[in-house]
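Right, one structure below, let's go through it.
Quick note: the coordinates plus some simple rules give every number you see, no bench work behind them. This one's a predicted model, so the numbers in the text were calculated from it and none came from an experiment. Heads up, the Cβs are rebuilt from the backbone with ideal geometry, glycines too, and the neighbour counts pull from every protein chain shown.
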Amino acid sequence: MILLRSLLFNAVFYLNTAVWLIAALPAFVLPYRVIIEVAKAWGRVSRTMLRVIAGLDYEIRGADRIPTGPVIVAAKHQSAWETFALLPLFDNPTFIIKRELQWIPIFGWFTIKAGMVPVDRRAGLSALNAMIERARAELARGRQLVIFPEGTRRAPGEEPRYKYGVAQLYVAQGVPCVPIALNSGLFWPRRSLLRRPGRILVEVLDPIAPGLDRDAFLTRLQDTIETATARLIKEAKDAARS
């Protein structure tokens with residue numbers, strides 16, 4: 001039954017996404033904030049479909065810890081869930097994304113129009129500098145810059161591999177960084193069709209004020225996110241056993 005519900009959700013999710021992309025085409029001639037609002041609405045609808053079809057709900061704790069105005073948001077990345085489900089949390093979000101995503105017809109065009117920050121991970125230092133400059137421009141518009149500091153999805157319990165890019169951003173931009181812990185990988189495993197029923201837990205943690213050096217910041221960020229993530233994973237596993 002879990003597999004059947006998962007397959008049904010996957011089919012509906014991708015069909016629904018295609019419908020949203022096509023329906024939103026007129027937004028190309030409108031201000032970028034229109035596309036941001038469309039994306040947040042798509043995120044809300046996708047979360048609802050996941051609950052109704054696959055029995056997978058969510059709980060977000062500490063959303064009131066997100067400051068107003070420009071911030072860096074560093075989120076744990078365990079599944080595709082957080083790429084759409086976190087969107088409605090923020091007033092005016094922009095994501096750091098792989099440059100290759102902007103080559104996808106329609107979807108990629110929307111990421112360009114919406115002011116997402118692309119990074120070419122093969123270009124080394126020049127890519128990092130370009131990302132920092134683009135991020136500075138978006139933060140100057142009062143946006144919330146969302147980054148997955150490990151760069152890719154990591155399974156629950158897997159050894160973390162935080163990259164220095166997030167620390168370089170933090171030092172260069174001089175804005176607070178909001179860490180986010182979650183346990184989505186328990187229910188939406190990477191490279192899997194399964195969407196297990198349950199409740200994804202997300203916790204917005206206390207912001208890290210600007211002013212730390214690069215190494216001190218990265219150590220604090222990793223310790224903060226990983227400690228909270230381990231707690232959320234344990235909480236979900238304990239609930240499943242009870």
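A few remarks follow.
- The listed peptides 163-170, 219-226, ordered by packing as a protection proxy, come out as 163-170, 219-226 (highest mean of other Cβ atoms within 10 Å first).
- Taking Cα centre as origin and charging only the Cβ of basic (Lys, Arg, +1) and acidic (Asp, Glu, -1) residues, the dipole magnitude of the stretch 39-162 rounds to 200 debye.
- Across E150, E82, E159, mean-square fluctuation computed from a Gaussian network of the chain (C-alpha pairs under 10 Å connected) peaks at E159.
- The gain in end-to-end length when the A240 to V34 segment is fully stretched comes to 70.1 nm, 0.36 nm per residue minus the alpha carbon separation.
- Sequence-distant residues sharing a close amide H with I208 (under 5 Å, placed H): C177, V178
- Here the gap between D206 and K163, fully extended at 0.36 nm per residue and compared with their Cα-Cα distance, gives a gain of 13.4 nm.
- Across the stretch 144-242, Cα-Cα pairs more than 24 Å apart make up 27 percent of the total.
- The calculated FRET efficiency for the pair R199 and S126, based on their C-beta separation and a Förster distance of 35 Å, comes to about 0.25.
- Partners for K234 among lysines (Cα-Cα distance below 21 Å; same-chain residues under 8 apart left out): K76
- Fewest-first sequence of Y14, Y162 by Cβ atoms within 10 Å of each Cβ: Y14, Y162
- Each Lys and Arg adds +1 at its Cβ and each Asp and Glu adds -1 at its Cβ; summed about the Cα centre, the stretch 147-242 shows a dipole of about 600 debye.
- Cα-based Rg of the chain normalised by 2.2 N^0.38 Å, two decimals: 0.99
- Furthest towards positive pole of dipole, L128, V38, I106, structure part the stretch 2-241, Cβ charges: I106
- If a spin label sat at a point 7 angstrom from the Cα of N16 along the line to its beta carbon, the backbone N atoms of the stretch 88-112 nearer than 15 Å would be those of 88.
- Karplus-derived HN-Hα couplings along the stretch 75-84 (A = 6.51, B = -1.76, C = 1.60, θ = phi - 60°), whole Hz, x at Gly and Pro: 10, 4, 10, 10, 7, 6, 4, 6, 6, 10
- Note on the chain: dipole from Cβ charges, positive end direction compared against G174, A24, Y58; the farthest Cα belongs to A24.
- Span-like helix ranges in the chain, DSSP H, alpha carbon extent 30 angstrom or more, Kyte mean at least 1.0: 2-23
- Summing +1 for each Lys or Arg and -1 for each Asp or Glu among the other residues whose beta-carbon sits under 12 angstrom from that of A80 gives +3.
- Inter-probe distance in nm under a simple model that places probes 7 Å from Cα toward Cβ, at L25 and R214: 4.5 nm
- Estimated from helices alone, the mean residue ellipticity of the chain at 222 nm is -15000 deg cm²/dmol (sum of -39500 (n - 2.57) over DSSP H runs with n ≥ 4, per residue).
- Counting only Cβ charges, +1 for Lys and Arg and -1 for Asp and Glu, the dipole size of the chain around its Cα centre is about 580 debye.
- Full-extension gain in nm, R51 to A80, via 0.36 nm per residue minus C-alpha separation: 8.9 nm
- Net charge contributed by nearby residues that have their C-beta within less than 14 Å of L3 (K/R +1, D/E -1): +3
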